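Everything below concerns the one structure shown next.
Every read-out reported here was derived from the displayed coordinates using simple, explicitly stated rules and does not represent laboratory data. All of these numbers come straight from a predicted model, not from anything done at the bench. No Cβ is skipped: glycine too gets one built from the backbone with ideal geometry, and neighbour counts run over all protein chains shown.
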Ligand SMILES: Cc1ncc(COP(=O)(O)O)c(C=O)c1O
């Protein structure tokens, strides 16, 4: 990338520094409020007709055979692992750069999360490293589409096919995303979505599993509601019967109708919201790509990302601040950031339980120390976007300028 001096940065004023730009602001409004109040007035609040409609519309939207609504993305992962028959003593491959829920769900079924390094371009699981960690106990692989960019799914499926592994996609960030013209949700046996408050479609809390395995879908429907063969809606409506049978010791993982009503409204806006995030991402990348202290995200040509996250990476060798210092400088300029993610192998629990150590995953650690996530959501105003851009460019310029002065004062530095 050219631009050794980036002179224009010196002229940038910090745009409206009085604005405080949160890392995330949910895009919910009057339509969602209206949908929720209709459910409240209907007299049926928990899982019922709205949830079944949401499942149908969601499956249609991502092109899946079936969709099962659940209370969280974590529950989606748990039910998928259970339906896939993963059990105590098994091993499951997943990237170290993910949220703890991906690995935690593996522990719910008594299996062992086996962490894998990442590919430095996409920051997704390095499939070759995953291959090296396969043992006779490996039963499943969970590719995580970090920030929305799909993993190398052909390679994941080739590896899974060769070793009889079940594929459970963690698509908490990937609605809507595409891999080689296919929407995430129709590519693997199980795909797990999250509708947590910060996600690209939110119901406050919530999740969905899509699957092409209709037997597994039945199992997950059974297990999401106590292992009872007929859900309450069917029992309580006029033509229902009070009788039910408990077939398994299941879980309480159902989604409510008022959450599903929000989900249906959000689903209808999903494409427009992605376009809005993409426009912001392009504005950021256009502004940052000529700044040699920064590395903008690479979206591979055969993929569409949801742009759930805009992960900026710092060329630390060209800056005199570390990532934390850079984030503090952005905070001073009114821009709140986040970091996705602290690799799991650095977390106390995974170190204690599985013996992971600092230095175990070279790429994940390197990217972790240089990455930060900028605000990116449809409700951002032009003023806010411009403030983020000038805050980032000014912070980069300021950090670089100090380095030049230091070199001048001490030529050997
Ligand atoms: C990568 C990833 N997987 C799984 C989850 C879990 O989703 P939920 O919070 O809906 O349980 C999250 C949530 O933040 C996530 O970021």
**Q.** Residues of region 351-367 satisfying the condition of being touching a residue at least 40 places away in the same chain (Cβ under 8 Å), more than 16 Å from residue 94 (Cβ to Cβ) and out of contact with any strand residue (DSSP E or B) (no Cβ under 7 Å at 6 or more places or on another chain)
**A.** 362, 366
Q. So how many residues does region 132-152 have that are buried (at least 16 other Cβ atoms within 10 Å of the Cβ) and more than 16 Å from the ligand (Cβ to nearest atom)?
A. 4
**Q.** Residues located in region 324-335, provided they are over 23 Å from residue 365 (Cβ atoms) and touching a helix residue (DSSP H, G or I) at 6+ places or on another chain (Cβ under 8 Å)
**A.** 333, 334, 335
Q) Which numbered condition trips up residue 95, out of (1) buried (at least 22 other Cβ atoms within 10 Å of the Cβ); (2) in contact with a helix residue (DSSP H, G or I) (Cβ under 7 Å, 6 or more places away or on another chain)? A) (2)
Q | Members of region 125-155 that are within 22 Å of residue 358 (Cβ to Cβ) and free of Cβ contacts under 8 Å to residues at least 60 places away in the same chain | A | 125, 129, 130, 132, 133, 144
Q: Being assigned to a strand (DSSP E or B) and closer than 19 Å to residue 362 by Cβ is the filter here, so list the residues in region 116-158 that pass it.
A: 116, 118, 125, 144
Q) Out of curiosity, is residue 104 within 16 Å of the ligand (Cβ to nearest atom) and either over 20 Å from residue 361 (Cβ atoms) or assigned to a loop (DSSP other than H, G, I, E, B) (or both)? A) no
Q: Go through region 291-345 and give me each residue that's touching a residue at least 60 places away in the same chain (Cβ under 8 Å), farther than 27 Å from residue 195 by Cβ and part of a helix (DSSP H, G or I).
A: 318, 325, 326, 329, 330, 345
Q. Looking at (1) buried (at least 23 other Cβ atoms within 10 Å of the Cβ); (2) within 11 Å of the ligand (Cβ to nearest atom), which is the only condition residue 54 fails?
A. (2)
Q: Those residues that are more than 20 Å from residue 57 (Cα to Cα), surrounded by fewer than 20 Cβ atoms within 10 Å (Cβ to Cβ) and within 16 Å of the ligand (Cβ to nearest atom), I need them from region 153-202; list them, please.
A: 197, 198
